[in-house]
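J.: Let me give you the structure first, and then I'll get to my questions.
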Amino acid sequence: MLLRRAYAAERLWAVLTARAEGSGHRRIGAGLGVPAATVRGWLRRAAERLEAIRSWFIGVAVAAGVDVTIPDGTGCPWRDVLAAVATASAAIRFRFGALGLGGTVTPERVAVAVSSGRLLAPGWPPPLGWAAATRIAPDAGTG
């Protein structure tokens with residue numbers, strides 16, 4: 001689940017995938033049984049930060065993977081985000097195995113885990129270089 005969202009990550013991932021395939025919010029909502037206004041809100045929030053999301057997940061792929069191949073741009077920012085998340089998923093799967101550290105490694109689960117459930121929350125992703133974004137211990141960076 002994502003923070004402040006009443007739907008599972010799989011549903012949100014289906015929305016993003018359908019949008020990348022060219023569907024509009026009304027068609028996506030009707031197909032998934034989600035109100036069109038909810039889908040429109042998700043898509044607007046994601047559209048505001050597509051490049052930042054893509055960059056974040058490419059960074060995760062590079063940090064987690066070995067010899068990661070960065071996907072080429074497709075000309076569609078929605079498909080580029082999906083490719084970046086898929087690349088991060090593959091890198092995590094390669095590093096930790098198909099079951100990862102918390103269950104089966106799927107793009108939707110990686111999207112939730114890597115964003116700490118904040119994929120569509122205000123202020124995410126944090127600016128590049130923000131130290132608290134990758135803290136590994138509560139006292140990281142203190143001396």
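The values are calculated or read from the model by the stated rules, or taken from the named source; none is laboratory data. Small disclaimer: the values here were computed from a predicted structure and weren't measured. Every residue, glycine among them, receives a Cβ derived from its backbone with ideal geometry; neighbour counts consider all protein chains shown.
J.: Would you be able to tell me the number of residues in the range 17-58 that are among the hydrophobic types (A, V, I, L, M, F, W, C) and within 15 Å of ARG118 (Cβ to Cβ)?
T.: 6
J.: Right, next: Give the number of residues within the range 54-98 that are among the charged types (D, E, K, R) and touching a residue at least 24 places away in the same chain (Cβ under 8 Å).
T.: So the answer is 4.
J.: Which condition does LEU50 not pass, out of (1) touching an Asp or Glu at 6+ places or on another chain (Cβ under 8 Å); (2) surrounded by fewer than 14 Cβ atoms within 10 Å (Cβ to Cβ); (3) hydrophobic (A, V, I, L, M, F, W, C), if it passes all the others?
T.: LEU50 satisfies all of (1) touching an Asp or Glu at 6+ places or on another chain (Cβ under 8 Å); (2) surrounded by fewer than 14 Cβ atoms within 10 Å (Cβ to Cβ); (3) hydrophobic (A, V, I, L, M, F, W, C) except (2).
J.: May I pose another question? Here is a list: ALA88, ALA63. Which entry is crowded, with 20+ Cβ neighbours inside 10 Å and assigned to a helix (DSSP H, G or I)?
T.: Every option except ALA88 fails the conditions.
J.: Is there a residue being surrounded by fewer than 16 Cβ atoms within 10 Å (Cβ to Cβ), over 23 Å from GLY22 (Cα atoms) and modelled with pLDDT under 80 anywhere in the range 106-126? Step through it out loud before you land on a result.
T.: Going through the range 106-126, the residues surrounded by fewer than 16 Cβ atoms within 10 Å (Cβ to Cβ) turn out to be 116, 121-123, 126.
Narrowing the set further to residues that are over 23 Å from GLY22 (Cα atoms) leaves 116, 121-123, 126.
Filter once more, so that each one left must be modelled with pLDDT under 80: 126.
Looking through the range 106-126, at least one residue is surrounded by fewer than 16 Cβ atoms within 10 Å (Cβ to Cβ), over 23 Å from GLY22 (Cα atoms) and modelled with pLDDT under 80.
J.: Let me ask you something else. TRP78 versus (1) in a loop (DSSP other than H, G, I, E, B); (2) closer than 18 Å to VAL110 by Cα: which is the lone unmet condition?
T.: (1)
J.: As an exercise: evaluate GLU21 against (1) under 16 Å from the mean Cα position of the chain (by Cα); (2) free of Cβ contacts under 8 Å to residues at least 60 places away in the same chain; (3) surrounded by fewer than 17 Cβ atoms within 10 Å (Cβ to Cβ) and give the number of the one condition it does not meet.
T.: Single failed check for GLU21: (1).
Here's the yes/no breakdown for (1) closer than 30 Å to ARG95 by Cβ; (2) out of contact with any strand residue (DSSP E or B) (no Cβ under 6 Å at 6 or more places or on another chain); (3) at pLDDT below 90:
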{"site": "ARG26", "(1), (2), (3)": "no, yes, no"}
{"site": "GLY29", "(1), (2), (3)": "no, yes, no"}
{"site": "GLY33", "(1), (2), (3)": "no, yes, no"}
{"site": "TRP42", "(1), (2), (3)": "yes, yes, no"}
{"site": "ALA46", "(1), (2), (3)": "yes, yes, no"}
{"site": "GLU51", "(1), (2), (3)": "yes, yes, no"}
{"site": "PHE57", "(1), (2), (3)": "yes, yes, no"}
{"site": "VAL66", "(1), (2), (3)": "yes, yes, yes"}
